[in-house]
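What follows is a short report on a single structure.
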Amino acid sequence: MQMLRTLRGSNNEGVLALVLLTLIIAMSIISPAFLSAGTAFSTLRSATVPLIFALAVLVVIVSGGIDVSFAAVAIFSAYTAVSFAITTAPDLPAFAIIGFAIAIGAVLGLFNGVVIARFRLPTLIVTLGTQGVFVGVMYTYVGATYYAQLPPSLASLSSVTVIDFATGTGRASLHVMAVVAIGLSLIIWWMLTRTMFGRALYAIGGDAEAARRAGFRVMRTQVLVYVLVGVLAAIAGVAHMVMGRSANPQDLVGDELDIIAAVVLGGASIFGGRGSVLGTVLGVILIQVINNSLLLAGVPSAWLRAAVGMLLIAGVGIQAIAARKKARRVHTVDEQKADRVVEEVAS
Amino acid sequence: MASPPTAAVEPVLAVHGITKRFGGVTALAGVSLDLLPGEVHCLAGENGCGKSTLIKIISGVERPDSGEVIIDGVAHSRMNATSAITSGVQVIYQDFSLFPNLTVAENIVLTAEVAGRQKLYRAASVRPKARAIVDELQLDLDLDSEVGDLSVADKQLTAICRALVHAARVIIMDEPTTALTHTEVARLFAVVERLRARGVALVFVSHKLEEVLAISQRVTIMRSGRVVTSGLASDFDRRSIAEHMTGSELDESRLVADLDESAAPRLVVSHLDLPGAFHDVSFSVRPGEILGVTGLLGSGRTEIAEAIFGARPAASGEIFIDGRRADIRSIPDAVDAGIGYVPEDRLSQGLFLEKSIADNIVAGSLDRHRNRWHGLDRARIRATIAGLFSDLKINAPNPEAPVRSLSGGNAQRVVLAKWLATEPKVLVLNGPTVGVDVGSKAQILDLLRKAAARGMAIIVISDDAPELVSCCHRVLVVARGRVTHELSGDEITAEIIHERMAA
Ligand SMILES: Nc1ncnc2c1ncn2[C@@H]1O[C@H](COP(=O)(O)OP(=O)(O)OP(=O)(O)O)[C@@H](O)[C@H]1O
Ligand SMILES: [Mg+2]
């Protein structure tokens, strides 16, 4: 029983892994070409940007909030940095452009965080609002031009791969940005499980008033969460442009639901206080694999959205049912313990 | 008890002239107090007199309007939660303030880590630290279960462990024993004595006056936000404390109405069984009867009540209401059959905290307040609310105040009111007066007597022997999931109840 509990994981990660495995096996039986290093790497490639976004969403959800402006922050910061480089400083090195994007992302996140923590407004409403504001400001003040070419320093990143080898069916390569996403996953995992900041997020997500009474600096932590979301979103935005080799201000915004679905499917509770990086990674990959296999099976892409929506409902539904089951669990009387108590009282 | 320390000792912590208003309500009006090392200082007073508010001001959770908190001779016009913890003040809050999503071990250890200004969290060191304190208190807590899954008593024990794990100099306990029975209370008191010997200053708030007298060296009594008297515990007894609190005499005499011997039973429970919780439980309650159920923690008394209410249905056995078999598989089944249940863990199970008192009172009984056209009968709703609000003497400016703003004892009255408003045939109350002050206990028991007189069958689950003596026709004693004794008539005395519970 204990082993089963461990295998299942605290957020049903085990179940998710099982579903994923079943799906992969089923797909490999249907089309043997599916099971190859090439597919694995290309799945990782398409999962890169969603994964970085999902890490950001995970962090806010654990702290008891929600952020739907992350895609707007991503496109705002990456597009602004890139268009600045193209129009005024074409020789800027890649790290400076990325740094600039991250700084913009952090400022936008700070804005979200301050509004939410200072005025104690519902996070969904605030970020829905700022999402519109960010996009509007970008179109008005930065521009709406589509750049088919990135600045040279960034463009050279586009073709950097870490592992690259020939397979029977073609080339399999791991993009450098996928490695960045894996690195970020490790960092966020470490932060959530090994730092007091991580504990503060779970505590605040569990009960904000209790966290305040325990001495956690709730407001500061909340602001930092949104700054962190901004930073991660900016990185995701740059990664998206580098991998797509162009800068389109109309990208990304509108796909927020996929990300949130992946995180919730990965076991993060929409009520806060629960969620893990492992679950989130599995959730993102599962959605990618489902998308890929449906495409491979020739399902029209409109149905993909419906599938993701259904997964979101399934994820939330499972959480709700599990919560209800828990509430009905019998606090069993341990006979031996009862005996001991009785003896002690009698003596 | 050891003699109190001499007056020459410097107080560890003192408060001076604290005033606090919430809107129009004055919760505290110039309260002063000092805490000496190695002394247990009891705070007593009616529900809503300001005890918890004073504690929250000391721990930096609320800001006072005026006055100061003095720690080691340094005056602070206001504390904040972190500075209070780092200067060695630990509080067990009335509502526990635990994290439901974290494990027992994490809950116990986490605040100490916060106070230590740690940056990194070493998950491996959490269990041993928690284990140490749990063992010191000889508790049987599962360190790995999530606090949200625990029973109320285990939550309370977790909150106690959390406060004790610090090397605190001041430990404030706001009603730490509401869900505990004798054994755990005795163990807590043993630890308190050890802390006292170490020179820790303790504040203890409880409505159980025997506990107050047993553990404390000094007593301060408050009424309506002011200190009415303060002195050595040895100069007080139950009666005088109650008198100072309420301004009138304590009435605990036994008062039970005569029953109509010929009346058919309202509730019959027959061979109820839930493996692991209780076995072969049978009893009946007549209309107008108040049946007491008592037993140690984990004896199965709560599980029996929850089975009758359908929260955790029994595996086998039958329940009859007015002679008709009621198949109770869920809470709605029980409500339809005419059963009401006032749960043990009120703050988490019974109330909509952000809604008004009025809304909470009628939340369960809207269907009883419909007019001919199935619309809501507003006039009758208002009458019900006004009636219960004043009958239960809920201490709030008006019924529109949110429940969150009520004191602990007053929030409990709202739950009671909610169930009384549904006028069930059978009302099961789990600890109806836990956390209610001695003065109001009598009023609540009186209310139960009146409800019984209207024909309700009432089951009171409690381990407060004087309360059972005061209102119950019969008392069942539950041990290890079985009904072991049934007391009636002259057998119902506090001594016999205690004896049978332990036997
Ligand atoms: N946040 C708040 N908003 C408005 N009023 C409040 C708030 N907190 C407390 N009060 C009021 O302050 C008064 C004192 O409440 P407090 O909780 O200190 O009482 P208490 O002595 O601890 O009572 P109990 O024994 O019932 O726990 C009550 O009248 C209560 O309604
Ligand atoms: Mg209180």
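Any read-out appearing in this document is the output of simple, stated calculations on the displayed coordinates, not a laboratory observation. From a predicted model like this one, the values you see are computed outputs, not experimental measurements. Methodologically, a virtual Cβ is constructed for each residue, glycine included, from the backbone with ideal geometry; neighbour enumeration extends over all protein chains shown.
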| Which listed residue (B:GLY298, B:GLN94, A:LEU311) has the Cα farthest towards the positive end of the charge dipole for the protein assembly as shown, taking +1 on Lys and Arg C-beta and -1 on Asp and Glu C-beta about the Cα centre? | A:LEU311
| task | Please give the calculated 222 nm ellipticity per residue for the protein assembly as shown, where each DSSP H segment of at least 4 residues contributes -39500 (n - 2.57) and the sum is spread over every residue; nearest 500 deg cm²/dmol? | result | -15500 deg cm²/dmol
| query | What's log10 of I(q)/I(0) for the range B:267-502 at q = 0.14, 0.16 Å⁻¹, Debye sum over Cα points only, no solvent? | reply | -0.89, -1.15
| request: Just tell me the longest site-free run in chain B, where the sites are chymotrypsin sites (Phe, Trp or Tyr not before Pro) in a DSSP loop having at most 14 other beta-carbon atoms within 10 Å. | output: B:1-351
| Percent antiparallel among DSSP beta bridges with both residues in chain B, to the nearest 5? | 55 percent
| message | Exposed loop sites here are GluC sites (Glu not before Pro) in DSSP loop states with at most 12 other C-beta atoms within 10 Å. What is the longest stretch of chain B lacking them? | response | B:1-248
| request: Over chain B, calculate the relative contact order: mean separation of alpha carbon pairs under 8 Å at least 6 apart, over the residue count, as a percent. | output: 16 percent
| request: Report the antiparallel proportion of the DSSP beta bridges in the range B:396-503 as a percent, rounded to a multiple of 5. | output: 55 percent
| query | Which far-off residues, 5 or more places away or on another chain, put their amide H under 5 Å from the one on B:GLY455, with H placed in the peptide plane? | reply | B:GLY288
| Where Lys and Arg each count +1 and Asp and Glu each count -1, what net charge lies around A:VAL223 among other residues with Cβ under 11 Å from its Cβ? | +3
| said: Can you tally the net charge around B:SER488? Count Lys and Arg as +1, Asp and Glu as -1, for every other residue whose Cβ sits under 11 Å from the Cβ of B:SER488. | reply: -3
| In peptide A:214-225, what is the residue-averaged number of other protein chain Cβ atoms found within 10 Å of each Cβ? | 3
| query | Considering only the other residues whose Cβ falls under 11 Å of the Cβ of B:VAL165, what net charge follows from Lys and Arg at +1 and Asp and Glu at -1? | reply | +1
| query | Roughly what angle does helix B:123-136 make with the longest principal axis of chain B, taking Cα atoms, 0 to 90 degrees, to the nearest 10? | reply | 80 degrees
| field | Given B:LYS418/B:LYS441; B:LYS355/B:LYS418; B:LYS393/B:LYS418; B:LYS393/B:LYS450; B:LYS155/B:LYS441; B:LYS20/B:LYS208, the pairs whose alpha carbons are separated by over 19 Å | value | B:LYS155/B:LYS441; B:LYS20/B:LYS208
| How are the Cα pair distances of chain A distributed, in percent, across 10 Å bins from 0? | 5, 23, 30, 24, 11, 4, 2, 1, 0
| field | Proportion of all alpha-carbon pairs of the protein assembly as shown beyond 56 Å (%) | value | 20 percent
| request: Could you work out which residue, out of A:ILE259, A:ILE116, A:ILE52, moves most in a Gaussian network model of chain A, that is, has the largest mean-square fluctuation with Cα springs under 10 Å? | output: A:ILE116
| said: Pairs of alpha-carbon atoms within less than 8 angstrom and 6+ residues apart define the contacts here; what relative contact order does chain A have, in percent? | reply: 30 percent
| query | Can you give the Kirkwood hydrodynamic radius of the range B:190-306 from its Cα pairs, in Å with one decimal? | reply | 18.8 Å
| said: Which of A:PRO90, A:PRO152, A:PRO32 ends up with the largest GNM mean-square fluctuation for chain A, with Cα atoms connected below 10 Å? | reply: A:PRO32
| Based on Cβ point charges of +1 for Lys and Arg and -1 for Asp and Glu, what charge dipole magnitude is obtained for the range A:37-302 about its Cα centre, in debye rounded to the nearest 20? | 680 debye
| the range B:267-502, dipole about Cα centre (Lys/Arg Cβ +1, Asp/Glu Cβ -1), debye to the nearest 20 | 860 debye
| How well do other chains shield peptide A:201-209, expressed as the mean number of their Cβ atoms within 10 Å of each residue Cβ? | 5
| What dipole magnitude, in Debye to the nearest 20, does the range B:124-201 give about its Cα centre under +1 on Lys/Arg Cβ and -1 on Asp/Glu Cβ? | 520 debye
| note | Taking the dipole of the range B:267-502 about the Cα centre (Lys, Arg +1; Asp, Glu -1; charges at Cβ), the one of B:GLN412, B:VAL477, B:ILE381 that reaches farthest to the positive side is B:ILE381
| Fluctuation leader among A:ARG245, A:ARG118, A:ARG199 - chain A, Gaussian network, Cα springs under 10 angstrom | A:ARG118
| task | Nearest 5 is fine: what % of DSSP beta bridges in the protein assembly as shown come out antiparallel, could you say? | result | 60 percent
| said: Suppose we keep just the alpha-carbon trace of the range B:231-365; what are its Rg and Dmax in angstrom? | reply: 19.5, 58
| field | the range A:1-143: C-alpha gyration tensor shape, a/c 1.5 cut-off, then a/b vs b/c | value | oblate
| Projected area, mean over directions - chain B, Cα convex hull, nm² | 24.5 nm²
| note | Cβ density ranking, 10 Å radius, fewest first, applied to A:TYR79, A:TYR139 yields A:TYR139, A:TYR79
| query | Can you give the angle from 0 to 90° between the axis of helix A:196-206 and the longest principal axis of chain A, with both taken from C-alpha atoms, to the nearest 10? | reply | 70 degrees
| For the range A:130-206, what class follows from the C-alpha gyration tensor (a ≥ b ≥ c being the square roots of its eigenvalues): rounded when a/c is under 1.5, otherwise prolate if a/b is larger than b/c, else oblate? | oblate
| message | To test your reading of the geometry: what angle, between 0 and 90 degrees and rounded to tens, separates the Cα axis of helix A:218-244 from the longest principal axis of chain A? | response | 40 degrees
